[in-house]
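Since the structure comes first, as structure tokens, the remarks are kept for the end.
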Amino acid sequence: MPLPDSMRAAVYREKCRIEVEERPLPVLGAYDALLRVSHCGVCGTDLHLVVEGWGKPGSIGGHEYTGEVAALGERAEAFSLGDRVVGAGAPGCGSCDYCRSHRPGLCARREEFGAEAFQGAFAEYVRVDSRHLLPVPDALSLRDAALTEPLAVALHGVTLSGVRGAQRALVVGAGPIGTLTLAALRARGVEVVVSEPHPLRRKLAESLGASAVLEPDALVPPAMPFDLIDAPFDTVFECSGTPEGFEAGLAQLRRAGTLVIVGTGMRHPRLDPNRVLLNELVITGAYNYDENGFEDAIALLADGALPVDRLVEPVDAALEELEGAMLDLFEGRIGAKVLVAPST
Ligand SMILES: [Zn+2]
Ligand SMILES: [Zn+2]
């Protein structure tokens, strides 16, 4: 199929405003691939950029994408036209302390995103360094494979928590990353309780195998910092990005328990250092992915180990619907992951 001269793209204009525009096709460098975008997921990061207005006017968001190779630079030899691929984020440098200790997500020389930071995949085409792409196995649809990046994020949090099969976890916040974390934990046999205020998301968490879904008010902290709740958790995943979620979650841990910060937010929690000290709690953040995070995520998805039909909204959004979908996600009116299908 011959390439068009221009493409439609959802361009960030200002806080809460995205416009669909005609843009020239990206120009390819030697190692680049041009993808005809099949699907691109809406991430919490995209919401911060658009709904909270951190974005750069004129930029195109979207980093959770799959597509077919439509053109290749002269040195992008690992792929052929028509190959089905998923964006896999940039690898680390391979030689710093972090890369050598299998934590490439902390590498300072890691480039941002697979696609150029300001030219993402909320568009009909996206330019990507072909070295940051992975093939999608035949058993996996390009639509389902669009969950690869957020699932790799969720798996990284699970890895850092050190949670094991027979243990109990609390997931605070059942938005897209909370539900993916829940599904990944269930796939590993962990018992999961969820806390979530929105009825739609509570229902979704139940259908994904949470053993209980609580209102946030039910997470009552013990009176004294050395006291524990009746059935404390081995690990807590803070996926709400709120200070309330962090403060309530921390107080639900058993001694030597671990809280992993997975959700981001601009308001800061208050920390009870006495609770951390007296119970030897561990607090860590999860940023980026495990060393083989994308491969692990693709394998889980291809295995059919996750209920993708419930993790993703049933109807994909067109580019014109992206702005509205972002507001709905931000306000909690949409429970699951929204995928944009730019060619519809
Ligand atoms: Zn993401
Ligand atoms: Zn490195």
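The values are calculated or read from the model by the stated rules, or taken from the named source; none is laboratory data. No experiment lies behind these values; they were computed from the predicted model shown. Glycine also receives a Cβ, built like all others from the backbone with ideal geometry; neighbour counts cover every protein chain displayed. Just the protein is used for accessible areas: all its heavy atoms, side chains included, with ligands, DNA and RNA removed. Shrake-Rupley method; radii C 1.70, N 1.55, O 1.52, S 1.80 Å.
Quick rundown of the values:
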{"quantity": "Amide hydrogen neighbours beyond the local backbone of residue 192, cut-off 5 Å, H modeled", "calculated": "169, 211"}
{"quantity": "Tilt relative to the chain, helix 293-302 - C-alpha long axis, 0 to 90 degrees, to 10", "calculated": "90 degrees"}
{"quantity": "DSSP-loop GluC sites (Glu not before Pro) across region 6-56, with at most 13 other Cβ within 10 angstrom", "calculated": "52"}
{"quantity": "Region 191-344 - share of DSSP beta bridges that are antiparallel (%, nearest 5)", "calculated": "0 percent"}
{"quantity": "The chain: angle of helix 176-187 to the longest principal axis, Cα-based, in degrees nearest 10", "calculated": "70 degrees"}
{"quantity": "Portion, in percent, of the accessible area of the chain that falls on carbon or sulfur, probe 1.4 Å", "calculated": "53 percent"}
{"quantity": "Total formal charge among the other residues, if their Cβ is under 15 angstrom from that of residue 150, Lys/Arg +1 and Asp/Glu -1", "calculated": "-4"}
{"quantity": "Relative contact order of region 152-285, pairs being alpha-carbon contacts under 8 Å that are 6 or more residues apart, as %", "calculated": "24 percent"}
{"quantity": "Alpha-carbon Rg with Dmax, taken over region 152-285, Å", "calculated": "13.3, 37"}
{"quantity": "Virtual spin-label span in nm between residue 75 and residue 6, 7 Å along Cα→Cβ", "calculated": "3.3 nm"}
{"quantity": "Given charges at Cβ of Lys, Arg, Asp, Glu: the chain dipole, positive-most of 329, 287, 229", "calculated": "229"}
{"quantity": "Protection proxy ranking, peptides 191-198, 76-83, average beta carbon neighbours within 10 Å, highest first", "calculated": "191-198, 76-83"}
{"quantity": "Whole-angstrom gap from region 241-272 to region 41-109, using each part's C-alpha centre", "calculated": "28 Å"}
{"quantity": "Vicinal HN-Hα couplings computed from phi for region 217-234 (Karplus, 6.51 cos²θ - 1.76 cosθ + 1.60; Hz; Gly/Pro x)", "calculated": "4, 6, 7, 7, x, x, 5, 10, x, 8, 7, 10, 6, 4, 10, x, 9, 6"}
{"quantity": "Nearby lysines by direct alpha-carbon distance to residue 203 (threshold 30 angstrom, same-chain neighbours under 8 apart not counted)", "calculated": "337"}
{"quantity": "All aspartates and glutamates inside 12 Å of residue 15 as judged from Cα atoms, apart from same-chain residues fewer than 8 positions distant", "calculated": "46, 52, 323"}
{"quantity": "Residue-count net charge about residue 199 - beta-carbon cut-off 15 Å; Lys, Arg +1, Asp, Glu -1", "calculated": "-2"}
{"quantity": "Two-site label geometry, residue 218 and residue 295: point separation in nm, points 7 Å out along Cα→Cβ", "calculated": "4.0 nm"}
{"quantity": "Phi-based couplings in Hz for region 157-168 (Karplus 6.51, -1.76, 1.60; Gly and Pro marked x)", "calculated": "x, 5, 4, 5, 6, x, 5, 10, x, 8, 8, 10"}
{"quantity": "Net charge dipole size for the chain [Lys, Arg +1 and Asp, Glu -1 on Cβ; Debye, nearest 20]", "calculated": "640 debye"}
{"quantity": "Linear extension gain, residue 315 paired with residue 270, 0.36 nm per residue minus alpha-carbon span", "calculated": "12.3 nm"}
{"quantity": "Mean Cβ count within 10 Å, highest first, over the residues of peptides 31-40, 66-75", "calculated": "31-40, 66-75"}
{"quantity": "Residue 207/residue 95 FRET efficiency (R0 51 Å; Cβ-Cβ; nearest 0.05)", "calculated": "0.65"}
{"quantity": "Pairwise Cα inverse-distance average, inverted: Kirkwood Rh of the chain (Å)", "calculated": "20.7 Å"}
{"quantity": "³J(HN,Hα), Karplus 6.51/-1.76/1.60, whole Hz, each residue of region 238-253, x for Gly, Pro", "calculated": "8, 10, 8, x, 10, x, 5, x, 5, 5, 5, x, 4, 6, 9, 7"}
{"quantity": "Cβ-based net charge around residue 289, under 12 Å, with every Lys or Arg adding one and every Asp or Glu removing one", "calculated": "-3"}
{"quantity": "Relative contact order (percent, whole number), the chain, Cα cutoff 8 Å, 6+ residue spacing", "calculated": "19 percent"}
{"quantity": "Among 272, 234, 316: highest mean-square fluctuation, GNM of the chain, C-alpha pairs under 10 Å", "calculated": "272"}
